[in-house]
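The values are calculated or read from the model by the stated rules, or taken from the named source; none is laboratory data. Keep in mind that this is a model prediction, so the values were computed, not measured. So basically every Cβ, Gly included, is an ideal-geometry build from the backbone, and we count neighbours across all protein chains shown. Only protein heavy atoms, including side chains, enter the accessible area calculation; ligands, DNA and RNA are left aside. Shrake-Rupley method; radii C 1.70, N 1.55, O 1.52, S 1.80 Å.
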Amino acid sequence: AARGVQAAVAGVVIALVPRVAEAAGPPGFHDRDAGLALAGRLYLAREGARVALHGAPFGVGLGGFHKAFLREQGRTLAAMAPEAAERAFLNADHAHADWIEVLAESGVVTLFVFVLLLLVTMVSLARTRHDPAQPWRRRYADGILLSIVGFLAGSFFLSRTQLQSRRHGLAAPRSEEH
């Protein structure tokens, strides 16, 4: 019975999230800007993959995505008519996806280690859940597993650089920014 109530609450929340987002956003946001946001993310992914390809196998270096992205985007825009290139230009300082940013900045070896670390952690936690001698471990393992799943889901839409406290006004600006 408890599982049924949890499923019903989850269903209601999932059904309401788009409605709340639409009501909270500017008029027409859901129809117009959501499509633009998706198109922008796909464009970033495509150009980010080109950055990774040209930086292979070790990437363009930590913090180097912005400069490398502009260089790759310049190659793409050069093939377009000036008006189309002006509309397509995007000054992205991060990839909006951890997987692409790790691959572009640090290369395929680092991405492999990153994925391997997550997989080993998840397998270890799954094993920990089934320890009959210490049942309290199941709750902790479930919490950590859910946190990792949330991170994995968010990493397709966010980059770790978006989460820096400086970008959100939580840290004092550096002196060279004045």
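There is no residue in the stretch 62-85 that is in a helix (DSSP H, G or I), farther than 22 Å from Ala37 by Cα, in contact with a Pro (Cβ under 9 Å, 6 or more places away or on another chain) and of a type outside the set (Phe, Trp, Tyr).
Checking every residue in the stretch 134-155 against the condition of being within 25 Å of Gly55 (Cα to Cα) and in a loop (DSSP other than H, G, I, E, B) gives at least one match.
Set side by side, the residues Leu90, Leu170 differ, and just one is modelled with pLDDT under 85, open to solvent by 40 Å² or more (accessible area, probe 1.4 Å) and either closer than 21 Å to Arg46 by Cβ or touching a Pro at 6+ places or on another chain (Cβ under 7 Å) (or both), which is Leu90. Of the candidates Ala79, Ala97, Ala84, the single residue that is open to solvent by less than 40 Å² (accessible area, probe 1.4 Å) and free of Cβ contacts under 8 Å to residues at least 60 places away in the same chain is Ala84. Of all residues in the stretch 56-73, those that are closer than 16 Å to Val108 by Cα have Cβ atoms under 6 Å from Cβ atoms of residues that are open to solvent by 70 Å² or more (accessible area, probe 1.4 Å), 6 or more apart or on another chain, in Pro57/Val108.
Could you say whether any residue in the stretch 71-84 is touching a Phe, Trp or Tyr at 6+ places or on another chain (Cβ under 8 Å) and not β-branched (Val, Ile, Thr)? Checked the stretch 71-84: at least one residue is touching a Phe, Trp or Tyr at 6+ places or on another chain (Cβ under 8 Å) and not β-branched (Val, Ile, Thr). Once the stretch 36-76 is narrowed to residues that are under 20 Å from the mean Cα position of the chain (by Cα) and open to solvent by 100 Å² or more (accessible area, probe 1.4 Å), the residue that is modelled with the lowest pLDDT is Leu36.
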